[in-house]
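Q: Below you will find the structure I want to go over with you.
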Amino acid sequence: MKVFVTGFGIISAIGNNVTKNLSSLIENKTGIDKARFFESKFVDDFYFGEVKLSIDQLCELTNHHDLHGFTKTDLFAFIAFEEAIKMANLSQIELSSVDTALISSSTVGGMAETDDLYKDANLLTTGTEHLYSYGSGVHTTRLATQFGILGFSDTINTACSSSANAIMLGAKLIKYGKAKRVIVGGADSISKFTINGFNSLQILSKSKCQPFSNDRDGLNLGEGAGYIVLESSEIVGDKPKYAEILGYGNSNDAFHPTALSEEALGVSLAMDRAINNAKLAPENIDYVNAHGTATGNNDQVELIGLSKIFGTIPNYNSTKSYTGHTLAAAGVIEAIYSILSINSNTLFKSLNCSSPILTDNPPINKNIANTNVNYVLSNSFGFGGNCTSLVISKV
Amino acid sequence: MYIKDLCYISCQTTFDSSFFETDSIDANAIFVSAKEPDYTPYIPKSLLRRMGKGVRMGIGSGMHLLNKHTNISGIILGTANGGLEDCIKFLNQIVDYNEGTLTPTNFVQSTPNAVAANLALMTSNTCYNNTHVNSGLAFESALIDAMLTLNEVEGDILVGSLEEVTQANINIDKLKGWVVDTETRLLHLVNGNTSGSLIGEGAGMFVVSHDKQQALVEVVDIHTVTTEDINSVWKVYESFLKNNTIEEKNVAFILGRNGDEKHNINYNAFEQQFVKGNSIYTYKNLCGEFPTSISFGLWLSVHLLNKKIKKESIYKDVSMDIKQIIIYNQTYNNQHSFLLVKEVL
Amino acid sequence: MELEDLKSRLKLQVIEYLNLIDIKPEDIKDDEPFFGGSLDLDSIDSLELVVLLEREYGIKIENPQEGRKVMIDINHMAEYILANKK
């Protein structure tokens, strides 16, 4: 059973829809800047990949009107989800069929409303408007109930590899006949909770992040959502197919709660398993969408892992230099960028790498157009050593 | 998928076999805390010092099994809230210290994947590792993930759940009307018709395998649905019945009754429509209500099918030879699940 | 403040901040290395010690590199506190 991509939707710092994201990538326009809509003591200290819309503007982007208690995470999820099912042209009957599943992911979920959570958890109110919104699964429940999805629904949280695991699990449901159609993805929003968490680990950068550069000094937090409609070869018919999910690999680095092992054990296992699962060899891979957070540890270890697998690394970039690190949404947003590369025959420049760690094998330093992108490897690694790689191919 | 071994930390003495030999523990409360074992055989002190209750319950019960089973090719957990206490401690610091310099341990331990990650770290297990957090369906999702993953790995899989009760979630759940207003007897919980339920906590771990050698039970099928329309739930149940061969005279039911009037309506309707003189068991009168408590129902089903339990936990029992068990649970009135568990032939 | 008093207090605070189980102040020698020795602390602990310095002594360390030079043992920490305390 093959797993095809028939639609996708995205909202990120570089655009509120697929078209806008693609044009920003082509123009090498980053979305990383000082925060304008978000409130925190740190807005002037750090750079963020903020979605450049107010809550009211976000509400206008969704077709749903019953938005009481919705958090930013919920709104991002609804906006990207609606674009994805529209592109895949899914009917209500298809959405509500028991063999249509939904697998989402989030790390902060509704805890993005940090101040309201503080009030409710400490009984300082009789219940804020976000009382029912805090769990990381709430956005999924809201998607399922409002869109009438009656099949299997799930939320994954493996930190920064969450939505890569959502894509993997969706592909598995189809492969083993448990579902015919799965909508997969994830959503996260910048919150006091995550800023302070990452700040306590001293890995936030005070400049625009510099993946794979010797000058890198940490990551920029981003936000947004992405959803992909996966359909099985059994039902897809002659619908437009934008890509195929060809393989996946999941591993644990089993080394440290917040750092990857120097020998890149989990990282190389995930890549190796994904390439094997796709029944490919490393030399088949045309392009790697790297995890590339721009922390000292991640980029160094990822390059060690990539060198182990490939020797000379194929064209690679970190699109976090455009969006910042969107945490749970990173895997699916980067999978969508990979699909955009496949369909536009273009590989995008990795930004801000003035002094590459690997001088003779640097990341993509200017757009490569009119190039055939057949097989992409997309990496996502999370705290807790949760590593996942996906192989996505041209149809 | 077969269950080969299991371990449960709950407010009953389930960690060792004394649960089967003694009276069940009762409480008159609005929440009950787990009877935690001595963790020193399972968790080094250098790691234990950082762990909140939910995390150490998950790791203690998980390590208890991982010490015995070495052929583990995956660790898959489900938890609605993960290390909630650490999460709230970190949150309180953010506000109380006005986003000053904060302690990272709370942040690191509050991420729900910390438990599966720690189990991998402590056993140097670089295999498949995943964490599901879909509120009241998190454990069911972990089971489904394990079923799929067994197609792709050689060895067995550790699958489990954990949930902790903290003042913060009691506060939040109270505001939502999910907690009983007054102290309630645990063992009588399911007979009540109260607003809200008695909150519990627990961690349950299971070694699952595609190999039926030494298996205790078979987990045959799992269906879950998220909807506010109860008729859609019954449609999913009917398709679950159609998917499986159910022998009516040998099937018993385990229901997730929690005494909450909002849930009673659905359980009553389910009994009326689908239960025809079969034995019905409950489990939240032992463990309390929490989002992944269905793992306690699964734990109970293993012991019922292996004839280990003959106690007052039994509710509406009719004498019958049980070969199959259907577990039906609902959480927050919009997440429902059905599990079919069978004796090993 | 007397250096010895400071060191005794610091040991109690280190135990409290790091939740060291079954370790008493007298078990920690002044030159017992925090990392790689019998205390076996790790990088997350060093960040916890940064918080300790700020909350207990009002000393802010923003550069991780600088933190590494201070969080060596009780001696180094105590001397740093005396030199930088406001």
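Q: May I ask you to verify whether B:G277 is touching a strand residue (DSSP E or B) at 6+ places or on another chain (Cβ under 6 Å) and not β-branched (V, I, T)? If you could, list the steps in order and put the result at the bottom.
A: Details: touching a strand residue (DSSP E or B) at 6+ places or on another chain (Cβ under 6 Å): no; not β-branched (V, I, T): yes.
No, not satisfied.
Here is a yes/no grid of residues against (1) under 28 Å from C:L52 (Cβ atoms); (2) in contact with a strand residue (DSSP E or B) (Cβ under 9 Å, 6 or more places away or on another chain):
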{"residue": "B:L65", "(1), (2)": "no, yes"}
{"residue": "B:T79", "(1), (2)": "no, yes"}
{"residue": "B:D86", "(1), (2)": "yes, no"}
{"residue": "B:P112", "(1), (2)": "yes, yes"}
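Q: Moving on to the next point. Looking at A:K52, A:K34, A:K41, A:K20, can you tell me which residue is basic (K, R) and surrounded by fewer than 14 Cβ atoms within 10 Å (Cβ to Cβ)? Before you say what the answer is, go through the steps one by one.
A: Details: A:K52 fails: surrounded by fewer than 14 Cβ atoms within 10 Å (Cβ to Cβ); A:K41 fails: surrounded by fewer than 14 Cβ atoms within 10 Å (Cβ to Cβ); A:K20 fails: surrounded by fewer than 14 Cβ atoms within 10 Å (Cβ to Cβ).
The conditions single out A:K34.
Q: Can you find a residue in region A:267-275 that is away from every other protein chain (no Cβ under 14 Å) and under 16 Å from A:S338 (Cβ atoms)? Working first, answer last.
A: Of region A:267-275, the ones away from every other protein chain (no Cβ under 14 Å) are A:275.
Restricting the remaining residues to those that are under 16 Å from A:S338 (Cβ atoms) gives A:275.
So far as region A:267-275 goes, yes, one or more of its residues are away from every other protein chain (no Cβ under 14 Å) and under 16 Å from A:S338 (Cβ atoms).
Q: Taking region B:116-128 as the search range and keeping residues that are among the polar types (S, T, N, Q) and touching a helix residue (DSSP H, G or I) at 6+ places or on another chain (Cβ under 8 Å), which one is farthest from B:I76 (Cα to Cα)?
A: Of the residues in region B:116-128, the ones among the polar types (S, T, N, Q) are B:118, B:123-126.
After this cut, where a residue has to be touching a helix residue (DSSP H, G or I) at 6+ places or on another chain (Cβ under 8 Å) as well, the list is B:118, B:123, B:125-126.
Values: B:N118: 12, B:T123: 14, B:N125: 12, B:T126: 13 Å.
Filtering first and then ranking leaves B:T123.
Q: Hey, another quick one. Of all residues in region A:349-395 being over 15 Å from A:I339 (Cα atoms) and basic (K, R), which is nearest to the chain's Cα centre (by Cα)?
A: Checked region A:349-395; the qualifying residue nearest to the chain's Cα centre (by Cα) is A:K349.
Q: Can you pull out every residue in region A:23-57 that is within 20 Å of the chain's Cα centre (by Cα) and either of a type in the set (S, T, N, Q) or more than 27 Å from A:K206 (Cα to Cα) (or both)?
A: Hits for region A:23-57 are A:S23, A:S24, A:N28, A:T30.
Q: So, one more: Inspect all residues belonging to region B:88-101 and state whether any of them is closer than 29 Å to B:E140 by Cβ, assigned by TED's automatic domain parsing to the domain that holds B:S197, part of a helix (DSSP H, G or I) and modelled with pLDDT of 95 or more.
A: Taking every residue of region B:88-101 in turn, none turns out to be closer than 29 Å to B:E140 by Cβ, assigned by TED's automatic domain parsing to the domain that holds B:S197, part of a helix (DSSP H, G or I) and modelled with pLDDT of 95 or more.
Q: Moving on to the next point. Out of B:G62, B:G136, B:G82, B:G74, which single residue is in a strand (DSSP E or B) and under 19 Å from the mean Cα position of the chain (by Cα)?
A: Numbers: B:G62 fails: in a strand (DSSP E or B); B:G136 fails: in a strand (DSSP E or B); B:G82 fails: in a strand (DSSP E or B).
The match here is B:G74.
Q: Then there's this: State whether the residues of region C:13-22 include one that is out of contact with any helix residue (DSSP H, G or I) (no Cβ under 9 Å at 6 or more places or on another chain), under 20 Å from B:T105 (Cβ atoms) and facing chain B (nearest Cβ under 9 Å). Lay out the reasoning, then the answer.
A: Restricting attention to region C:13-22, the residues satisfying the condition of being out of contact with any helix residue (DSSP H, G or I) (no Cβ under 9 Å at 6 or more places or on another chain) are none.
No, that holds for no residue.
Q: Provide a single number: the residues in region A:107-127 that are surrounded by fewer than 18 Cβ atoms within 10 Å (Cβ to Cβ) and in a loop (DSSP other than H, G, I, E, B).
A: 6
Q: May I ask you to list pairs of residues, at least six apart or on different chains, whose Cβ atoms are under 9 Å apart, with the first in region B:153-169 being part of a strand (DSSP E or B) and the second being crowded, with 23+ Cβ neighbours inside 10 Å and charged (D, E, K, R)?
A: Close Cβ pairs satisfying both conditions: B:I157/B:D145; B:V159/B:D145; B:L162/B:E201; B:E163/B:E201.
Q: Residue under question is A:A164, and the condition is that it be within 13 Å of another protein chain (Cβ to nearest Cβ), more than 14 Å from A:S106 (Cα to Cα) and under 20 Å from the mean Cα position of the chain (by Cα); does it hold?
A: On the way: within 13 Å of another protein chain (Cβ to nearest Cβ): yes; more than 14 Å from A:S106 (Cα to Cα): no; under 20 Å from the mean Cα position of the chain (by Cα): yes.
No; evaluated as a whole, the condition is false for this residue.
Q: Could you check region A:172-189 and list, in sequence order, the residues that are more than 12 Å from chain B (Cβ to nearest Cβ), out of contact with any Gly (no Cβ under 7 Å at 6 or more places or on another chain) and aliphatic (A, V, I, L, M)?
A: Listed by number, the residues that qualify are A:I183, A:A187.
Q: Same structure again: Looking at B:E248 and the list (1) closer than 22 Å to B:S301 by Cα; (2) at pLDDT below 95; (3) in the same structural domain as B:R56 (by TED's automatic domain parsing), which single condition is not satisfied?
A: (3)
Q: Please report, ordered by residue number, the helices (runs of 4 or more DSSP H) entirely within chain C with at least 1 residues that are out of contact with any strand residue (DSSP E or B) (no Cβ under 7 Å at 6 or more places or on another chain) and farther than 24 Å from A:Q202 by Cα. Let's see the steps before the verdict.
A: Details: elements: C:3-18, C:43-57, C:64-70, C:74-84.
Helices (runs of 4 or more DSSP H) meeting the threshold: C:3-18, C:74-84.
Q: Would you confirm whether or not region B:129-144 contains a residue that is in contact with a helix residue (DSSP H, G or I) (Cβ under 8 Å, 6 or more places away or on another chain), surrounded by fewer than 24 Cβ atoms within 10 Å (Cβ to Cβ) and more than 9 Å from chain A (Cβ to nearest Cβ)?
A: There is no residue in region B:129-144 that is in contact with a helix residue (DSSP H, G or I) (Cβ under 8 Å, 6 or more places away or on another chain), surrounded by fewer than 24 Cβ atoms within 10 Å (Cβ to Cβ) and more than 9 Å from chain A (Cβ to nearest Cβ).
Q: Is at least one residue of region B:64-81 within 8 Å of chain A (Cβ to nearest Cβ) and of a type outside the set (A, V, I, L, M)?
A: Narrowing region B:64-81 to residues within 8 Å of chain A (Cβ to nearest Cβ): B:75, B:80-81.
Within this subset, residues satisfying the condition of being of a type outside the set (A, V, I, L, M) are B:81.
Yes, there is a match, as at least one residue in region B:64-81 is within 8 Å of chain A (Cβ to nearest Cβ) and of a type outside the set (A, V, I, L, M).
Q: Give all pairs with beta carbons closer than 6 Å in which a residue from region C:74-86 that is crowded, with 16+ Cβ neighbours inside 10 Å meets a residue that is assigned to a loop (DSSP other than H, G, I, E, B) and not aromatic (F, W, Y); count only pairs at least 6 apart in sequence or on separate chains.
A: These pairs meet every condition: C:I74/C:D30.
Q: Further, regarding this structure: Which condition does B:T184 not pass, out of (1) closer than 27 Å to B:S24 by Cα; (2) of a type in the set (S, T, N, Q); (3) at the interface with chain A (Cβ under 10 Å from one of its Cβ atoms), if it passes all the others?
A: Going through the list (1) closer than 27 Å to B:S24 by Cα; (2) of a type in the set (S, T, N, Q); (3) at the interface with chain A (Cβ under 10 Å from one of its Cβ atoms), B:T184 breaks only (3).
Q: Now a separate question. Is there a residue in region A:246-255 that is surrounded by 24 or more Cβ atoms within 10 Å (Cβ to Cβ), in a loop (DSSP other than H, G, I, E, B), in contact with a Lys or Arg (Cβ under 8 Å, 6 or more places away or on another chain) and of a type in the set (S, T, Y)?
A: No.
Q: Scan (1) among the aliphatic types (A, V, I, L, M); (2) out of contact with any Gly (no Cβ under 6 Å at 6 or more places or on another chain); (3) more than 7 Å from every other protein chain (Cβ to nearest Cβ); (4) surrounded by 20 or more Cβ atoms within 10 Å (Cβ to Cβ) for the single condition B:M122 breaks and write down its number.
A: (4)
Q: For region B:145-171, how many residues meet the condition of being facing chain A (nearest Cβ under 10 Å) and within 23 Å of B:N334 (Cα to Cα)?
A: Adding up the residues that qualify gives 5.
Q: What's the number of the only condition in (1) under 10 Å from the mean Cα position of the chain (by Cα); (2) under 23 Å from B:R49 (Cβ atoms) that C:I81 fails to meet?
A: (2)
Here's the yes/no breakdown for (1) at pLDDT below 80; (2) within 15 Å of the chain's Cα centre (by Cα); (3) in a strand (DSSP E or B):
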residue: B:V302; (1), (2), (3): no, yes, no
residue: B:I309; (1), (2), (3): yes, no, no
residue: B:V318; (1), (2), (3): yes, no, no
residue: B:D321; (1), (2), (3): no, no, no
residue: B:I327; (1), (2), (3): no, yes, yes
residue: B:Q330; (1), (2), (3): no, yes, yes
residue: B:N333; (1), (2), (3): no, no, no
residue: B:F338; (1), (2), (3): no, yes, yes
residue: B:K342; (1), (2), (3): no, no, yes
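Q: For region B:82-114, name all the residues that are hydroxyl-bearing (S, T, Y) and more than 7 Å from chain A (Cβ to nearest Cβ). Quick ask: steps written out before the conclusion?
A: So in region B:82-114, the residues hydroxyl-bearing (S, T, Y) come out as B:97, B:101, B:103, B:105, B:110-111.
Of everything in region B:82-114, those that are hydroxyl-bearing (S, T, Y) and more than 7 Å from chain A (Cβ to nearest Cβ) turn out to be B:Y97, B:T101, B:T105, B:S110.
Q: Here's another thing I want to ask about it. Filter region A:93-118 for residues that are modelled with pLDDT of 95 or more and at the interface with chain B (Cβ under 9 Å from one of its Cβ atoms); which is farthest from A:S162 (Cα to Cα)?
A: Checking each candidate, the answer is A:S96.
Q: Identify the residue in region B:221-279 that is within 14 Å of chain A (Cβ to nearest Cβ) and of a type in the set (A, V, I, L, M, F, W, C) and, among all such residues, is surrounded by the most Cβ atoms within 10 Å (Cβ to Cβ).
A: B:V225
The values are calculated or read from the model by the stated rules, or taken from the named source; none is laboratory data. Since we're looking at a predicted model, the values are computed, not measured. In this analysis, Cβ positions are derived from the backbone assuming ideal geometry, glycine residues included, and neighbour counts consider all displayed protein chains.
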